[in-house]
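Structure, as structure tokens:
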Amino acid sequence: MVDNKERTALNPSVAAEGEQPLTNHNASIADGAGDVNIQTVNTSKLEKSKLKTVSMTDLYNQVYTSRPPIINGLLYPGTYILAGAPKLGKSFLMAQLAYHVSTGMEMWGFSVERGSVLYLSLEDDYGRLQKRLYKMFGVETAKNLYFGIEAPSLGDGLIDLLEGFVEDHPDTRLIIVDTLQKVRGNNDGHTYSSDYQDICRLKHFTDSRNLCLMIVHHTRKQQSEDRFDTISGTNGLLGAADGAFLLTKAKRTANDAMLDIAGRDQQDQQLHLVRNTKTLLWEMESAETELWEEEPDPLLEEVAMVVSEDNPKWEGSVTALAKLIQYNASPISLAMKLNVCADRLKQDYHIKYERYRSHKGRGVRLTLEFPAINNRRSA
């Protein structure tokens, strides 16, 4: 009698320190009739049917890549939409954003992470760009701010073009596409599915590169209780994006405007802007809500004191670190806490947290980076 039952070995769980274990895919299957390789066929089907999951414990045992803000409290890595009515000043706002990121200058009181910027101004020519930028910034130029006035569509190589730019400029922090319609081709029958997929393709690129992509788009004339529902197209655009900026005016001839901001990695905000009539720069007059700031964490404060400008590096076991800071819980819980808060250690205290393995075993490494101790929060 032929026994057709499959006996598949269960995969071991992810190691406590985050290492990926070896997986046993061998299954013991009795011989079947004919020349068909039953083991291969059934194993293939089994692999395809497996749902990839991770336990909460294993999730806490990982250290994920930090995603520091491009403009702290305002703009983060991801794919964003800037929407507004035509000829409202969106392109001026984008040029201002691009200039501040490329120079690292504060914008409206928000600190900025400096990096290269690509601005695809697809509705302009270089002569118009030159006059606009001179009006806004004079001759104070930025060498790492790049402009393009032509680009292929999403289906014709846009992502490859952006990948090539980032390869040539690995410090790229921001890419602006002005406007979305210019890179979507001639299909006017966009559905929720197509809108969602278009943004997802761009989002996959930004997530893999840990940078921000800002897409300029238009609003429709119909009003809505939710301002973001006025973004032209289906909800698939905003549903797939990481966030959106919405620029509106009470009157087209008015000099003031409202900038509504919503995103996955930030609190909702509403900024009151006024346009400088001489430079055409947008200036922030007030904010509807104050930015919420996370309370200092006493544990991270203790960990931060382990390193200093005189001794910028510490490494050892988690158990040794727990004893050093007099941590009164298990070393395992300390390791999980540091794994989860690694990005906060880096952003708030400028400390790089790493795990390593040597012939002595597993350990952690804390490295103080520039800017150093003077910029830490006080305990």
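The values are calculated or read from the model by the stated rules, or taken from the named source; none is laboratory data. Since the structure is predicted, the reported quantities are computational estimates derived from the model, not experimental observations. With ideal geometry, Cβ positions are generated from the backbone for all residues, glycine too; neighbour counts draw on all protein chains shown.
For the range 153-176, give me each residue that is at pLDDT below 95 and on the phi < 0 side of the Ramachandran plot. Passing the criteria: S153, L154, G155, D156.
Within the range 118-131, residues that are within 19 Å of V101 (Cβ to Cβ) and among the polar types (S, T, N, Q) reach partners that are assigned to a strand (DSSP E or B) and at pLDDT 95 or above with beta carbons closer than 9 Å, at six or more positions or on different chains, in the pairs S121/F147; S121/G148; S121/I176.
Summed over the range 197-232, the residues that are more than 18 Å from the chain's Cα centre (by Cα), among the small types (G, A, S) and exposed (fewer than 13 other Cβ atoms within 10 Å of the Cβ) give a count of 1. Looking at Q222, is it within 22 Å of G89 (Cβ to Cβ), assigned by TED's automatic domain parsing to the domain that holds G236 and touching a strand residue (DSSP E or B) at 6+ places or on another chain (Cβ under 8 Å)? Spelling it out, it is not the case that Q222 is within 22 Å of G89 (Cβ to Cβ), assigned by TED's automatic domain parsing to the domain that holds G236 and touching a strand residue (DSSP E or B) at 6+ places or on another chain (Cβ under 8 Å). Considering (1) basic (K, R); (2) assigned to a helix (DSSP H, G or I); (3) more than 24 Å from K203 (Cβ to Cβ), the lone condition that K143 does not fulfil carries the number (2). Residue check: A257 meets all listed conditions (1) under 14 Å from A83 (Cα atoms); (2) within 25 Å of the chain's Cα centre (by Cα); (3) hydrophobic (A, V, I, L, M, F, W, C) but one, namely (2).
In the range 173-194, of all residues being touching a residue at least 12 places away in the same chain (Cβ under 8 Å) and over 19 Å from L122 (Cβ atoms), the one that is nearest to the chain's Cα centre (by Cα) corresponds to R173.
Filtered by the rule that a residue be more than 30 Å from the chain's Cα centre (by Cα) and either part of a strand (DSSP E or B) or at pLDDT 90 or above (or both), the range 323-361 gives K323, L324, I325, Q326, Y327, N328, A329, S330, P331, S358, G361. Being free of Cβ contacts under 8 Å to residues at least 60 places away in the same chain and surrounded by 13 or more Cβ atoms within 10 Å (Cβ to Cβ) is a property that G138 lacks.
Restricting to the range 269-298, what's the tally of residues that are assigned to a loop (DSSP other than H, G, I, E, B), within 13 Å of F110 (Cβ to Cβ) and more than 24 Å from the chain's Cα centre (by Cα)? The total comes to 0.
Out of all the residues in the range 103-116, is one or more in a helix (DSSP H, G or I), touching a Phe, Trp or Tyr at 6+ places or on another chain (Cβ under 7 Å), assigned by TED's automatic domain parsing to the domain that holds D229 and at pLDDT 95 or above? No, the range 103-116 has no match at all. Number of residues in the range 233-252 that are surrounded by 16 or more Cβ atoms within 10 Å (Cβ to Cβ), of a type outside the set (A, V, I, L, M, F, W, C) and over 17 Å from the mean Cα position of the chain (by Cα) equals 3.
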